[in-house]
Amino acid sequence: MAVPADIVFHARGLTKVYRMGEVEVQALRGVDLQLRRGEFVVLLGPSGSGKSTLLNILGGLDVPSAGEVYYEDHDLMRADDRGLTAFRRDHVGFVFQFYNLIPSLTARENVAIVTEIARDPMTPEQALDLVGLTPRRDHFPAQLSGGEQQRIAIARAIAKRPSVLLCDEPTGALDSATGVKVLEALERINAETGTTTVVITHNADIASMAHRVLYLADGRIVREHVNAMRKRAADLRW
Amino acid sequence: MRALHIKALRDLWHLRSQALAIALVIAAGLANLVMSRATLESLSETRQRFYDDHAFADVFAQARRVPEPVAERLREIDGVQAVETRLVAGANLSVPGFDEPVRALMVSLPDSGEPLLNRPYLRAGRLLAPGSEDEAVISEAFAEAHGFAPGDTLSATIYGRQRELHIVGIALSPEYVYQIQPGTVFPDFRRFAIVWMNRRALEAALDMDGAFNNVTLKLAARARGDAAIAAVDDVLAPYGGLGAYDREDQVSNRFLSEELRQLDTMARIFPTIFLGVAAFLLNVVVSRLVGMQRDQIAILKAFGYSNVAIGLHYALLVALIVGVGVVVGLLGGIRLGQWMAGVYQDFYRFPFLEFRMSGGVFLLGVGVSLLAAFVGTAHAVIAAARLPPAEAMRPPAPERYRPALFERIGLARWLSQSTRMLLRNLERRPWKSLLSVVGLAFACAIMMVGRFQTDAIDYMIDAQFRIGQRNDLSADFTEATGPAAAHELRALPGVRQVEGYRNVPVILRHGVRSERNALQGLAQDSVLKRPVDRDLRRVPIPAEGLLLTDYLAGQLGVGVGDVVEIDVLEGRRRSVQALVAGVVNEYLGVNAYMDLDALNRLLGDGERLSGVLIAADVEAEADLFRELERRPRVAGVGVRRLAIQNFYETLGESMGVFTYVALILGGVINFGVVYNAARVSLSERGRDLASLRVLGFTRAEVSYVLVGELVLLVLLSIPLGFVTGYMLSLYMAVSMQSELFRIPVLVTAPTYGFAGLAMLASTLVSALIVQRRIGRLDLIGVLKTRE
């Protein structure tokens, strides 16, 4: 299908139903979406609004129940497990609320675990340098503060030079000062590498650093807002 | 190294105690397997080589007195390749400084030099000089027991005449690898010797000029053994032939074959138990690990690791655990095998017994260990590989709990909240709980089996020597003798009672089945030898008919009231029919008994005895023994006290080792199961336990929830373990039974007590280790983070 060259993601009518134990959850109820190259997008919404599900589908971690979703010309709806694995390996970087570092690996090794399987990665040292954690590279996650752990997670996500960086509540478990440092790292990476960045948050203050803000509620995008004037991450407080 | 591999190593390090416990269980099973299988192979190969190199005969026959020219007719039998005639006879030896009876089997060697068959292997000195009258070669085990060396002399009483023998050589023989006195089960190297002498010298000593009383034959590979045996019997019958037999019935070879069969059984049972338990433990630990690392699996997949890579990652971890077990197991198995070979070398006298582990055994060991690991972990590893990343991101669906069975049947109000927690937790994973109980039951069973043999041996000795056989001494006559001999002995000082018996070689037949055996005639009112039934109650010798050892009755397929045919192999060689009047319970050897007078009537050579049983005062025993030994008609003297002593000396040490090893092995399983169950519970429920601590529970109260669960599992397992232990003992006893001996299935209360206490003790050790971890629970941290 013909898509404008600067569109990275294109989705239409996405729905997702999954079972959680004995409960059936309708997570998405028809989402239409386009994301542009180099864009910094914030997804805002209360918990249960479908933000994480949407992010997981965009990242190839999950497939929708219905609808269509494309990354450039890759059809993510119809990709098999092998195709999705390759898509994630080559194009996507993830950052999660709870860092999800491997506790048994050091900071450097946590980054290396991704660079080892990437096609054109930076070195783990370069990635750690980008988030300002070179001095802490031989520490295990348990020896690092929450903010440091999250910056390691970001270094891990960007080390492969992904085309998209998907962040699920990256500051959710952090205090405001530490959270700002993490956001600064994301801002710098977006600006310097042109990586399309999607950040999920339920913290409305963060929205002011985005190019564009999408509001989700009850499995739908209910509102869209473009920031005429972006705030710098360093100026954010909450 | 790849970061994923580093993770595997660090995870392994983190799990080290649990991994070690599992590796030990694998190692124990593998060591058992390697030891038994490699010893089995080494022993079979060594035996084959010894038999081939030293021309072990195929057919053996004993007769009374056969003129040498008759040998020619044996050579003409179809399929016979070689015939070796010789003299074999019992003798008494006196060893300076050793005041106990020493029996010897005198075996002739041809004056011309080396025999064609059953060639001795010379360990030291030389073979006999041609024509020498007083040279002897003695068996190695006997020489070692008394420190004899070539150049020493020995005094022997052969056929009532005493003579000095000069030891010129020390030797071994394929015929006497297992060297036991006829009629006994365990070797007694101090009191039994094989002595080889020149044929001419023995002929003179035994008044057997130009005759032989023993012959061995080698058959061509194509020859039919049973046809040759029948032909040999025909030739020897007129000369008092006692029936030829093949290797299968040759005593030494028979014992060796039984030993190999037992090793084969060992090689199956124990490794199966251990590797089964190891598979279960791996399953528990790896499933839990995968469960705990859901988020890590998710993140790895999110970054593009494939399912295969994730599966291999966990498989690597399993392989590392198994690898440690395999290395320790192989090394331990080799070490144990070498030790076993040493023990075997003491019992079975081979020129060499090299413990060798073949590539086949190695592959088998590694193969079954990997198989166990695969069975145990395939499910968890595949589940990890298949875990959809988005699902793995979410915490697992909450566990479903429900009131435990005890509560549902209305006992709830008796149970504290902590007790409910532990019961519900056990019931929530019924399979895991059940398999834990089964694994623990096996631990208990193995500890019991270790003691069962000791119990059984005590009981065997009691039944055989104290209840069934009450004589202090016994004397065999060189040939059947009139009753005057018994009267004469009764007059000796210290003798309280003398009873004569008669032994005749017979073949018992029933339908197509037949067994070669001795038929023993006992007086109906015999008190010194009293066959007993299963409950050790006396079974009187019937006026008519036979008593058979239960095992013999089983082999013949007869019961009380059936008729068996008796072919007497002596005298007029009559064949008669007799009723089976009773079945008796005996653990050593198999016997057929009938009334002494009836037997004498059957043989038709008058009132005769083959030997006597004597009850005597303890103080008179030594003098009596010397007196008996001097009598020319007495072929051999047995002393009951020494027989019992030998029984314990021979077996005592190895039984002790076996009990000890079984205790350790059972302990390994117990520790493996309990410790792993505890660690997994602790990891699954760390949050619950920490929450309880935060709520104000004491450490002891929190421990109750965790340790109580383990103790409950162990308590449930002990009764099952008792049943399993009994079944395992039964299985081992049944698989070891042969006409040589049967092990009674007897598990005593102390054995049950011992196994039960050992289980509780080793549980306590595991519990104490885990208890320390409860003390270190991070109360704040555990509540702050997402699970």
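Going by the structure shown, is B:Asp11 at pLDDT 90 or above and more than 14 Å from chain A (Cβ to nearest Cβ)? It is false that B:Asp11 is at pLDDT 90 or above and more than 14 Å from chain A (Cβ to nearest Cβ). Filtered by the rule that a residue be more than 9 Å from chain B (Cβ to nearest Cβ) and assigned to a loop (DSSP other than H, G, I, E, B), region A:104-125 gives A:Arg119, A:Asp120, A:Pro121, A:Met122, A:Thr123. Going through region B:107-158 one residue at a time, which ones are surrounded by 18 or more Cβ atoms within 10 Å (Cβ to Cβ) and either modelled with pLDDT under 90 or not assigned by TED's automatic domain parsing to the domain that holds B:Leu172 (or both)? Correct list: B:Thr157, B:Ile158.
Here is a yes/no grid of residues against (1) in a strand (DSSP E or B); (2) over 26 Å from A:Ala228 (Cα atoms); (3) touching a strand residue (DSSP E or B) at 6+ places or on another chain (Cβ under 9 Å):
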{"site": "A:Leu35", "(1), (2), (3)": "yes, no, yes"}
{"site": "A:Gly67", "(1), (2), (3)": "yes, yes, yes"}
{"site": "A:Asp90", "(1), (2), (3)": "no, yes, no"}
{"site": "A:Phe94", "(1), (2), (3)": "yes, yes, yes"}
{"site": "A:Phe98", "(1), (2), (3)": "no, yes, no"}
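Okay, residues lined up against (1) outside the structural domain of B:Leu109 (by TED's automatic domain parsing); (2) open to solvent by less than 20 Å² (accessible area, probe 1.4 Å); (3) at negative phi; (4) more than 34 Å from the chain's Cα centre (by Cα):
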{"position": "B:Pro174", "(1), (2), (3), (4)": "no, yes, yes, no"}
{"position": "B:Pro182", "(1), (2), (3), (4)": "no, no, yes, no"}
{"position": "B:Arg199", "(1), (2), (3), (4)": "no, no, yes, yes"}
{"position": "B:Asn213", "(1), (2), (3), (4)": "no, yes, yes, yes"}
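Filtering region B:645-655 to residues that are open to solvent by less than 40 Å² (accessible area, probe 1.4 Å) and either not hydrophobic (A, V, I, L, M, F, W, C) or not in a helix (DSSP H, G or I) (or both) leaves B:Asn646, B:Thr650, B:Gly652. For region B:1-52, the set of residues classified as under 28 Å from the mean Cα position of the chain (by Cα), touching a residue at least 40 places away in the same chain (Cβ under 8 Å) and farther than 25 Å from B:Leu330 by Cα consists of B:Phe50, B:Tyr51, listed by residue number. Among residues of region A:64-76 being open to solvent by less than 50 Å² (accessible area, probe 1.4 Å) and either in contact with a Pro (Cβ under 7 Å, 6 or more places away or on another chain) or without any contact (Cβ under 8 Å) to a residue 40 or more places away in the chain (or both), the one that is farthest from the other protein chains (Cβ to nearest Cβ) is A:Asp75. Working carefully through the options B:Phe274, B:Phe280, B:Phe350, find the one that is open to solvent by less than 10 Å² (accessible area, probe 1.4 Å), more than 14 Å from chain A (Cβ to nearest Cβ), aromatic (Phe, Trp, Tyr) and out of contact with any strand residue (DSSP E or B) (no Cβ under 8 Å at 6 or more places or on another chain). Of the residues listed, the single one that is open to solvent by less than 10 Å² (accessible area, probe 1.4 Å), more than 14 Å from chain A (Cβ to nearest Cβ), aromatic (Phe, Trp, Tyr) and out of contact with any strand residue (DSSP E or B) (no Cβ under 8 Å at 6 or more places or on another chain) is B:Phe274. Selection of region B:63-83 for residues being within 16 Å of B:Arg199 (Cβ to Cβ) and open to solvent by 20 Å² or more (accessible area, probe 1.4 Å) yields B:Arg65, B:Pro67, B:Glu68, B:Pro69.
Quick grid of which residues meet (1) surrounded by fewer than 18 Cβ atoms within 10 Å (Cβ to Cβ); (2) assigned by TED's automatic domain parsing to the domain that holds B:Gly439; (3) among the hydrophobic types (A, V, I, L, M, F, W, C):
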| position | (1), (2), (3) |
| --- | --- |
| B:Tyr660 | yes, yes, no |
| B:Val673 | no, yes, yes |
| B:Asn676 | no, yes, no |
| B:Arg679 | no, yes, no |
| B:Thr698 | yes, yes, no |
| B:Leu710 | no, yes, yes |
| B:Leu715 | yes, yes, yes |
| B:Gly721 | no, yes, no |
| B:Tyr726 | no, yes, no |
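When the residues of region B:301-310 are filtered to those that are open to solvent by less than 10 Å² (accessible area, probe 1.4 Å) and part of a helix (DSSP H, G or I), the one that is farthest from the other protein chains (Cβ to nearest Cβ) is B:Ile310.
Each residue in region B:728-764 was checked for being without any contact (Cβ under 8 Å) to a residue 24 or more places away in the chain and either touching a Lys or Arg at 6+ places or on another chain (Cβ under 7 Å) or within 30 Å of B:Trp431 (Cβ to Cβ) (or both), and 4 pass. Of everything in region A:170-190 that is surrounded by 21 or more Cβ atoms within 10 Å (Cβ to Cβ) and not in a helix (DSSP H, G or I), the residue that is farthest from the other protein chains (Cβ to nearest Cβ) is A:Thr171. Looking only at residues in region B:155-165 that are out of contact with any Pro (no Cβ under 9 Å at 6 or more places or on another chain) and not small (Gly, Ala, Ser), the one that is nearest to B:Arg123 (Cα to Cα) is B:Leu165. Restricting the search to strands (runs of 3 or more DSSP E) fully inside region B:531-609 and requiring at least 2 residues that are open to solvent by 60 Å² or more (accessible area, probe 1.4 Å) gives B:563-568, B:575-584.
So, B:Leu20, is that one open to solvent by 10 Å² or more (accessible area, probe 1.4 Å), assigned to a helix (DSSP H, G or I) and within 14 Å of chain A (Cβ to nearest Cβ) or not? So B:Leu20 fails the test. A single entry from A:Val25, A:Val17 fulfils the requirement of being on the phi < 0 side of the Ramachandran plot, more than 17 Å from the chain's Cα centre (by Cα), touching a residue at least 12 places away in the same chain (Cβ under 8 Å) and open to solvent by 10 Å² or more (accessible area, probe 1.4 Å): A:Val17. Just the residues that are facing chain B (nearest Cβ under 9 Å) and open to solvent by 20 Å² or more (accessible area, probe 1.4 Å), please, taken from region A:77-90. Matches in region A:77-90: A:Asp81, A:Arg82, A:Ala86, A:Arg89, A:Asp90. Could you please let me know if A:Thr193 is of a type outside the set (A, V, I, L, M) and either touching a strand residue (DSSP E or B) at 6+ places or on another chain (Cβ under 6 Å) or open to solvent by 20 Å² or more (accessible area, probe 1.4 Å) (or both)? So A:Thr193 fits the description; yes. I'd like the full set of residues that are open to solvent by less than 20 Å² (accessible area, probe 1.4 Å) and part of a strand (DSSP E or B), limited to region B:478-499. B:Thr481, B:Val498 - these are the residues of region B:478-499 that are open to solvent by less than 20 Å² (accessible area, probe 1.4 Å) and part of a strand (DSSP E or B). Selection within region A:91-103: residues that are touching a Lys or Arg at 6+ places or on another chain (Cβ under 7 Å) and buried (at least 22 other Cβ atoms within 10 Å of the Cβ). The member of this set that is nearest to the other protein chains (Cβ to nearest Cβ) is A:Ile102. For B:Ala518, indicate whether it is part of a strand (DSSP E or B) and at pLDDT 85 or above. Considered against the rule, which asks whether it is part of a strand (DSSP E or B) and at pLDDT 85 or above, B:Ala518 comes out as yes.
The values are calculated or read from the model by the stated rules, or taken from the named source; none is laboratory data. Computed from a predicted structure; not experimentally measured. FYI the Cβ positions are ideal-geometry reconstructions off the backbone, even for glycines, and counts take in every protein chain you see. Note: areas computed on protein heavy atoms with side chains; ligands, DNA, RNA excluded. Shrake-Rupley method; radii C 1.70, N 1.55, O 1.52, S 1.80 Å.
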